[in-house]
């Protein structure tokens with residue numbers, strides 16, 4: 001069995017794993033900015049809640065989001081390597097790829113914000129986190145439309 005045959009054989013598994021990992025990653029990308037909103041807004045009212053928010057954010061990042069991002073990339077990479085699956089002369093793999101890179105950037109942006117919260121130096125408002133909460137939605141729309149319509 002050569003590499004192409006192996007990639008074709010594991011394709012349904014890679015695709016299934018990719019979908020599950022992306023769902024998990026997206027859930028975290030949607031939820032973490034919302035946690036930041038609550039973190040900012042509750043910090044004024046309930047100071048003893050701060051370590052609880054830091055712990056929740058940390059666990060979401062380490063236990064769910066980071067592994068889900070890695071598995072999304074790995075399973076997606078396997079699918080990209082499957083011969084004949086991607087038409088590189090089309091626009092869709094490039095729009096999806098750029099959106100995935102932007103999603104990964106956003107993940108790291110959230111990680112930096114979490115580190116700021118953990119060190120007590122957050123300077124952003126709940127409103128700014130609400131606005132940033134729209135970033136993964138926009139990227140998800142671009143990715144899904146790109147893959148489904150393959151323009």
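Here is how the numbers come out for the structure above:
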{"item": "Sum of -39500 (n - 2.57) over DSSP H runs of 4+, divided by residues of the chain (222 nm, nearest 500)", "result": "-26500 deg cm²/dmol"}
{"item": "Quarter of Cα convex hull surface for the range 31-82, i.e. mean projection, nm²", "result": "3.7"}
{"item": "Rough spin-label spacing in nm, given labels placed 7 Å along Cα→Cβ, for residue 52 and residue 11", "result": "5.0"}
{"item": "C-alpha long axis of helix 135-149 to longest principal axis of the chain, angle in °", "result": "10"}
{"item": "Ranked 19, 64, 148, criterion: other C-beta atoms within 10 Å, fewest first", "result": "148, 19, 64"}
{"item": "Label-point separation, residue 131 to residue 87 (7 Å along Cα→Cβ), nm", "result": "3.9"}
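Every number here is computed from the coordinates shown, using simple stated rules; none is lab data. The structure displayed is predicted, hence computed values, not measured ones. Ideal geometry is used to build each Cβ from the backbone, glycine not excepted, and the neighbour counts take in all protein chains shown.
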